[in-house]
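Let me begin by presenting the structure, written as structure tokens, before commenting on it.
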Amino acid sequence: MGASGSGKSTLLGLLAGLDNPSSGNVRWQGTAISYLPENELAQLRGRTIGFVFQSYQLIPTLTALENVLLPYELNSEAGSRREGLARARQLVASVGLSERLDHYPVQLSGGEQQRVALARAFMLRPPIVLADEPTGNLDSTNGQHVLDLLLELNRAEGTTLVLVTHDPALAAHASRRIILRDGEIVAEERTAVASEV
Amino acid sequence: MGSISYSTAGRIATRELRSSPGKFAFVLLSVAIGVAALTGVRGFSASFRSMLLLRARGIMAADIAARMTDAPTPGEQASLDKIQGLDATPVTEMLSMASSTTSLDPLLVALKAVDPTKYPFYGDVVLEPAIPLREALTDSTVAVGDDLLLRLHVKVGDWIKLGNGTFRIATVVTDEPDRLTGSFAAGPRILISQHALAGTGLLAPGTRATRRLLFKLQPTASGQPASDSHVADLRTQLEAILPQAQLSDYREANPQLTRQLDGATGLLSLMSLVALVLGAVGVAMAMRAHLQQRLDSIAIMKSLGAGSSQIIRIYLLQTLLIGFCGAVLGLVLGLGVQLTLPLFLAKLLHLTPGFRIDAHAALLGVGAGLLTTLLFTLPPLLDIRNVRPILILRRAVENEESPLFTRAARHLRGSGLQLAATALILIGLAALAATVSDSRQVGGFFAAGLLLALLVLLGAAALTLLLLKVFLNTTRRQLPSVLRHGLANLYRPGNPSAALLAALGLGVMQIALISMVQRSIVGEMQETTAAKLPNLFLIDISTDEVAGVRALLATQSTVQGTPEIAPVISARIAAVNDTPYQQLHLKHMPRRGVLSAQLTWPPTPDAPPPGDKVVSGKWWSAQQGADAAHPIVAIERQEADRLNVHVGDRVTFMPLDTPIVATVAVLYEADSQHAFSRAQFVLPEAVLHGLPVTWYGGLHCDPSATGTLRRVLYQHYPTITVIDVAATLETVRQVLLQISYVIQFLAGFSTFAGIVILASAIAGTRYRRIREVVVLKTLGATRPRIASIFSIEFAVLGLIAAVIGLVFANCLASLLLKRVFHFDYHLNIGWNLAALCSTGVLTVAAGWLASHRVLGQKPLEVLREE
């Protein structure tokens, strides 16, 4: 958590392997990732980390179902196509979009697009889900709905959710809060909450 | 309302251009291609014409040349001799047979007989080794082209047989000044003296030969050639002395050649115009995409008080700047085209025009580039009127993703000016086409035809994309994900796929059409004529040789069927129905044409000659034919058309000084594949008895044995020329190939323009593509996988465009070949498949050229921009 320009997205990028540190290394479950070859890193990232972006970042030429299925198709170690489809349908249903399976992103509202993005993030049951201001582009009603779904999925799938936000109300849902200012960690708080993240 | 000055508009325009140099680089190139083609063609033509004028005297080798069918009569010669200060020299050109003295294998050669003491009046004959022409051309020596040395396996110093004479090869002739204005050479050249030719027996009365008389006026006191006015005076005198001659003076630089040059320039300019139009379409597509990306800026300006016309001013200036820079680039590239064209035409022209920049061609190219760019960019510019300021607050989902009906209704509401813009495009295009082709009619047809072609291709492309979408939606779950993703990308928002396919398809169609027509025509020429029809023609058989030739051919087992030997008498047409020839109303026939008529008589007195079919009137009986006091004539239908004669009319022929007035009894059609087809007028033998006759033969020989038969004929009758149809067709085929290479070279510009438009469109969607790459990488996609997805997208674009282009090319080729050229059309699946694959490969390459740094984009840089 931190104000605009505090380094939240930078930290997220480093954690996600989307950026290289000037010094030091980032490790995922013991594996150092900062200097892995690009293709190897991409494959590892696909299996390890799920993403939820502020501006959804869906592929505009793929349907809702295909967007959710995408991480499964990109993962060379995934199972059969039938299994993938079943999982994708189940996730889409869990975010309440069973009626929108074959809709393109442009045919969906902002809230619906973010829900598709949520489903996509959990497709491969990644150990970690990174969410960068997931409700930033949504109105309060949609934003709350998306947040509830995110926390719900997180609980159901047993992932570690790393949430980046400037909103204290959102941060209150976290059991561990890291506060950034000017690129440095200035505080760390832990609280026990009913919705454990 | 606010107002934006031109300087402010210009500043905004140039800054926007500078902010995306890569995107606009392709747009510049798409304008440059068409301008390069147009300025290259016209620059070359202007250089060639200017060279013709500069070297005109040299090209003609004289001040005035008179082309005649017969030598001047004694009276005409006496009149010529009376002109003071006039020098004249004859040049005779004809086909004949030659062989080495050792092998006696005959070869068809192009003879040119000159007087080496006078020829040429201007320019030089280039000989290797270089010896004076009068030493090279004596009564026993000749100069030959180097291809004759190769074909007859001889060298300088060896002897060759020509007619009844044998000659030593003194030297090799590499160039004569008047080669362009002479006759077409169907075989290797031999330069011989007039005196030596007379001794060969080849030039008998009635022999088919082209005679030119070259004239030179005495130079002025300062040694300069005669002035234009003196040449004009001489021409007037010669027209009176030689009424049957076709005169041309050096100022016209060979009217036939300049006419052909003009025609070729017009055709090639129109082809360049296609590339120019495609380039303009590319600019329009790029500008549309660019404006889509600038919606926010436009909305902001409108909300600050700028009117649509002020904003249009900015983008109009941008368009003009792009058009101008593209045109200037095209000018530079056009110089390269101008230097390349002579390489294609080297074998045909024998002359390389000096390199010079023609201001008129340059201005035309730049003007055409600017005009087409401006015209085609009008519709997207006019759409600026529809941008609403509210967009800065809310990006409404109201653009291309709206239902079709809503889009159509909105479009119709604002379509008044758009329709006007479209009409302006059509008019501007027609005007441009009329200017480059020097014909308003051609210009109009071209513009309408091109726009129609683009619309049809656009419709076909839209339909194909729709069908592909249906296929995709039906089978997407079954398709491999890479393929599905690649195909789905065709429908990426902002992809002008249908227009892109139409533009690329037009380029493919043009080059494929030309290739197919060329292959069919040139390929069919390689096939021998059908069995039973003559494949060897014998020229210039004299009357006392006829019986011997018939007897000789009868002994040859390789001759199939009965050879045709047809008598031909040369005559003039003096009048039709008492109207003298000078007052005749002729259709599509120069008056000179009536002066050379070929008469014959049928082998059977009461039936038409073989290959001729009666279409009007009734053939005469043997009795009617025997009545020499009442001559009758049958005329070939096309000839009758040209002369405007019908059955019942009277035609006066003058084979010698005594007229023959014959009544037209029959009109017939000739199949042009028999010896008798040489003559267009058939009269009974009784009417033509006693006149000087030359005989022409046609026979069918086993194709594998034509060489042997030619040797036998040459051995016994060396003065008879034998034309092997297959060999002659091969020579013509080579000429056609040369010409078709030039046409294909220019058609390639259209294809290249299409590819550049594709690259430009892909560059235009660069940002969307980068975002997609970044998201995919973030989700775990490797570079090879992303590359595969994009490659499939590019390849499918190319394949669809190729399919559309090839389908239409095959349809048009079939129409052209069957209806216009009367050739057969065959669908060549292998060739079409190869064209399909080549286009696919090209589009993938172009696509990657336009996307080369997309794969390397760091994910975080893009994600942070959100």
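Only the coordinates and a few stated rules stand behind these numbers; no lab work does. Note that the coordinates shown come from a computational prediction; the quantities given were computed from them, not determined experimentally. Don't worry about glycine lacking a Cβ; one is built from the backbone with ideal geometry, like all the others, and counts go over all protein chains shown.
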Fill in the blank from the handout: Taking every alpha carbon pair in segment B:422-530 and sorting the distances into 10 angstrom bins from 0 up to the bin holding the longest one, the percent per bin comes out as 12, 25, 26, 19, 13, 3
Completion exercise
The value for segment B:198-299 (convex hull of the alpha-carbon atoms, volume per residue, Å³) is 279
Exercise for the section: Could you work out how far the C-alpha centroid of segment B:815-843 sits from that of segment B:543-560, in angstrom? Expected result: 45
Fill in the blank from the handout: Largest fluctuation, A:LEU118, A:LEU65, A:LEU41 only, Gaussian network model of chain A with Cα springs under 10 angstrom, belongs to A:LEU41
Completion exercise
Note: B:GLN292 to B:LEU54 extended length (0.36 nm per residue) minus current alpha-carbon separation gives 80.2 nm
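Going by how many other Cβ atoms sit within 10 Å of their own, how do B:TYR696, B:TYR668 line up, fewest first?
Values: B:TYR696 25, B:TYR668 21.
Sorted ascending by nearby Cβ count, the order is B:TYR668, B:TYR696.
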Exercise for the section: Could you work out how far helix B:829-850 tilts from the main Cα principal axis of chain B, as a 0 to 90 degree angle to the nearest 10? Expected result: 40
Handout entry: Stretchable slack from B:LEU417 to B:SER596, in nm (0.36 nm times residue separation minus alpha-carbon distance)
Key = 58.3 nm
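Taking the Cβ of B:SER47 as the centre, find all other residues whose Cβ is under 9 Å away and add up their charges (Lys, Arg: +1; Asp, Glu: -1).
Summing Lys and Arg as +1 and Asp and Glu as -1 gives +1.
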Practice task
From the C-alpha gyration tensor of segment B:545-685, pull out the three semi-axes of the equivalent ellipsoid (sqrt of 5λ each), sorted largest to smallest, in whole Å.
Solution key: 28, 16, 15
Practice task
Neighbouring Cβ atoms within 10 Å as the yardstick, rank B:CYS325, B:CYS811 fewest first.
Solution key: B:CYS811, B:CYS325
Fill in the blank from the handout: Cα-based Rg/(2.2 N^0.38 Å) for segment B:275-332, rounded to two decimals, is 1.32
Practice task
Percent of Cα-Cα pairs per 5 Å bin, from 0 to the last occupied bin, for segment B:224-366, please list those.
Solution key: 2, 7, 10, 13, 11, 10, 9, 9, 7, 6, 5, 4, 3, 2, 2, 1, 0
Handout entry: Cα centroid separation - segment B:257-271 against segment B:476-519, whole Å
Key = 34
Practice task
Take B:THR562, A:THR135 and order them by how many other Cβ atoms sit within 10 Å, fewest up front.
Solution key: B:THR562, A:THR135
Problem - Per-pair calculated FRET efficiency, R0 = 41 Å: B:ALA431 and B:SER19 via Cβ, rounded to 0.05 - result: 0.70
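Would you please report the Å³ per residue occupied by the convex hull of the alpha carbon atoms in chain B? Each step should come with its number before you reach the end.
Numbers: hull volume 199.7 nm³, N = 866.
Here the figure is 231 Å³ per residue.
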Fill in the blank from the handout: Averaged over residues of A:63-71, the number of beta carbons from other chains lying within 10 Å of each residue's Cβ is 3
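Can you give me the Rg/Rh ratio for segment B:288-382, using Cα atoms for both radii and the Kirkwood formula for Rh?
Numbers: Rg = 19.9 Å, Rh = 16.2 Å.
Ratio value, two decimals: 1.23.
What number, in nm² with one decimal, is the all-direction average of the projected area of the convex hull of the alpha-carbon atoms of chain A? Numbers along the way, then the final one.
Working: hull surface 45.6 nm².
The orientation-averaged projected area of the Cα hull of chain A comes to 11.4 nm².
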Practice task
Over the whole of A:54-61, what's the average partner chain Cβ count within 10 Å per residue? Rounded to a whole number, please.
Solution key: 6
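For segment A:61-135, what number results from the quotient of the Cα radius of gyration and 2.2 N^0.38 Å? All intermediate terms of the calculation are to be shown ahead of the outcome.
Values: Rg = 11.8 Å, N = 75, 2.2 N^0.38 = 11.3 Å.
That ratio works out to 1.04.
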Problem - the protein assembly as shown, helix-only ellipticity at 222 nm - DSSP H runs n ≥ 4, -39,500 (n - 2.57), divided by all residues, nearest 500 - result: -17000 deg cm²/dmol
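Checking the table B:LYS23/B:LYS302; B:LYS82/B:LYS118; B:LYS613/B:LYS818; B:LYS112/B:LYS613; B:LYS302/B:LYS777; B:LYS23/B:LYS858 against a 28 Å threshold on Cα-Cα, which pairs fail? Spell out each step's value before the answer.
On the way: B:LYS23/B:LYS302 26 Å; B:LYS82/B:LYS118 19 Å; B:LYS613/B:LYS818 23 Å; B:LYS112/B:LYS613 38 Å; B:LYS302/B:LYS777 39 Å; B:LYS23/B:LYS858 20 Å.
With Cα atoms farther than 28 Å apart: B:LYS112/B:LYS613; B:LYS302/B:LYS777.
Show me the three semi-axes of the equivalent ellipsoid for segment B:730-820, from the C-alpha gyration tensor (sqrt of 5 times each eigenvalue), largest first, rounded to whole Å.
On the way: eigenvalues 340, 42, 28 Å².
Equivalent ellipsoid of segment B:730-820: 41, 14, 12 Å, largest first.
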Practice task
Would you mind computing, in nm to one decimal, how far apart the modelled labels at B:THR579 and B:ASP606 are, each placed 7 Å from Cα along Cα→Cβ?
Solution key: 3.6
Problem - Whole-angstrom Cα spans of the protein assembly as shown along principal axes, big to small - result: 130, 68, 61
Exercise for the section: Assuming R0 = 60 Å, can you tell me the calculated FRET efficiency for the pair A:ASN39 and B:HIS826, based on Cβ-Cβ distance, to the nearest 0.05? Expected result: 0.75
Problem - segment B:444-473 versus segment B:143-161: alpha-carbon centroid distance in Å - result: 58
